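Some notes on the structure that comes next.
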Amino acid sequence: MRLIFLGPPGAGKGTVAHHVTQKTGVVQISTGDLLREAVKNGTELGKKAKSYMDAGELVPDALVIGLLKDRIARSDCARGFILDGFPRTIPQAEALEAAGVQIDKVINFRIKDEVVIRRLSGRRIHKKTGRIYNVNPGGYPAPTSDMKPEDLLQRDDDKPEAIANRLEVYRRQTEPLISFYASRKLLADIDAAKDMAEIAVELDPILGI
Ligand code: AP5
């Protein structure tokens with residue numbers, strides 16, 4: 001199973017990827033997570049990527065394409081993978097094709113801006129496990145009672161100015177991929193504003209899981 005999850009920031013790509021990996025054992029590859037790791041470790045790539053990420057801009061194609069190619073060459077990808085947040089530009093999609101990577105399905109997360117803005121403002125990352133939670137009232141998944149506020153981290157790019165720019169960047173640079181993959185008959189839409197249980201009912205039959 002080789003999947004691409006395509007959608008605006010905060011659409012729930014990481015959350016749904018967690019559901020699919022739990023059910024199938026395929027690997028989730030988030031270029032955002034790989035880049036944040038590079039920033040944390042102070043690598044050359046991380047130093048180059050940081051200012052773009054903080055501003056909500058895309059990291060230059062050449063840097064991300066190299067990163068992704070190295071990651072999918074690793075042995076844990078042999079049974080399949082979910083690309084979460086890659087490709088994000090037409091040149092990235094073309095680079096994937098040029099590398100001979102066959103994709104089975106592209107899942108397009110359809111969701112309105114107002115829903116993603118609400119979700120992103122409440123998103124927190126659990127420092128120890130890296131799992132995603134939401135601290136909004138009724139947010140999904142809610143942090144568990146043993147988690148203290150200091151155990152949860154807010155991403156720098158989840159601040160309001162960066163969120164607005166990320167949505168704008170998505171429209172300009174990533175949305176054209178919807179027709180790119182539709183023309184290759186790989187696209188399947190899901191209604192990403194639903195709750196996770198309802199999304200699973202819609203998505204699992206598309207993936208045959
Ligand atoms: P990245 O980390 O990929 O961020 P993103 O695409 O903007 O997406 P997010 O991770 O913010 O959201 P998500 O859709 O995974 O939603 P989540 O599941 O967390 O990229 C960050 C940056 O890295 C980019 O801005 C760019 O600079 C750089 N970058 C990365 N890839 C790149 C590339 N290919 N090229 C160039 N640059 C690149 O959910 C959001 C919140 O909603 C959570 O709190 C969650 O708990 C909640 N939630 C999720 N699903 C539901 C639901 N069904 N119901 C209720 N709440 C939900």
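Rounded, prolate or oblate for segment 132-209? Axes are the square roots of the Cα gyration tensor eigenvalues, ordered a ≥ b ≥ c, and the cut-off for rounded is a/c under 1.5. It is oblate, given that a/c is not under 1.5 and a/b is not larger than b/c. Pairs exceeding 19 Å between alpha-carbon atoms, taken from Lys13/Lys194; Lys50/Lys105; Lys112/Lys194; Lys40/Lys128: Lys50/Lys105.
Viscosity 1.002 mPa s, temperature 20 °C: give me the Stokes-Einstein translational D for segment 57-138 in µm²/s, with Rh taken as the Kirkwood radius over C-alpha pairs.
Working: Rh = 15.4 Å.
D, rounded to a whole number, is 139 µm²/s.
Largest GNM mean-square fluctuation across Ser145, Ser30, Ser183, computed for the chain with C-alpha springs under 10 Å, falls on Ser145. Counting only protein heavy atoms and using a 1.4 Å probe, the accessible area of Thr15 comes to about 30 Å².
With the simple model of a label 7 Å out from the Cα in the direction of the Cβ, Ala164 to Ser183 spans 3.4 nm. May I ask you to derive the relative contact order of segment 54-209, considering only C-alpha pairs under 8 Å and at least 6 residues apart, and to give it as an integer percent? Averaging sequence separation for qualifying contacts and normalising by length gives 32 percent for segment 54-209.
For trypsin sites (Lys or Arg not before Pro), the sites in segment 1-105 that DSSP calls loop and that have at most 14 other Cβ atoms within 10 Å are Arg74, Arg79. Given +1 at the Cβ of Lys and Arg, -1 at the Cβ of Asp and Glu and no other charges, the dipole of the chain around its Cα centre is 280 debye to the nearest 20. Among Gly56, Gly100, Gly80, the largest mean-square fluctuation in a Gaussian network model of the chain (Cα springs under 10 Å) belongs to Gly100.
Quickly estimate the mean residue ellipticity at 222 nm for the chain, helices only: each DSSP H run with n ≥ 4 gives -39500 (n - 2.57), and the total goes over all residues, rounded to 500. Don't jump to the answer; show the numbers that get you there.
Working: 9 runs with 94 residues, N = 209.
Taken over the chain, the calculation gives -13500 deg cm²/dmol.
Can you sort Ser75, Ser121 by solvent-accessible area, 1.4 Å probe, largest first? Each step should come with its number before you reach the end.
Details: Ser75 105, Ser121 55 Å².
These residues rank, largest area first, as Ser75, Ser121.
For segment 1-72 versus segment 181-209, the spacing of their alpha-carbon centroids is 20 Å.
Highest mobility in the GNM of the chain, judged by mean-square fluctuation with C-alpha springs under 10 Å and restricted to Met53, Met196, Met147, is found for Met147. Taking amide H atoms as placed 1.01 Å from N in the peptide plane, the amide H of Ser30 lies under 5 Å from those of Asp84, each 5 or more residues away in sequence or on another chain.
Val115 to Leu153: extension gain in nm, 0.36 nm per residue of separation minus the Cα-Cα distance? All intermediate terms of the calculation are to be shown ahead of the outcome.
Values: separation 38, 0.36 × 38 = 13.68 nm, distance 2.07 nm.
Difference between extended and current length: 11.6 nm.
The values are calculated or read from the model by the stated rules, or taken from the named source; none is laboratory data. Predicted model only: the values in this text are computed from it and were never measured. Cβ coordinates were reconstructed from backbone atoms using ideal geometry, including for glycine residues, and neighbour counts include every protein chain displayed. SASA here: full protein model, heavy atoms, side chains in, ligands and nucleic acids out. Shrake-Rupley method; radii C 1.70, N 1.55, O 1.52, S 1.80 Å.
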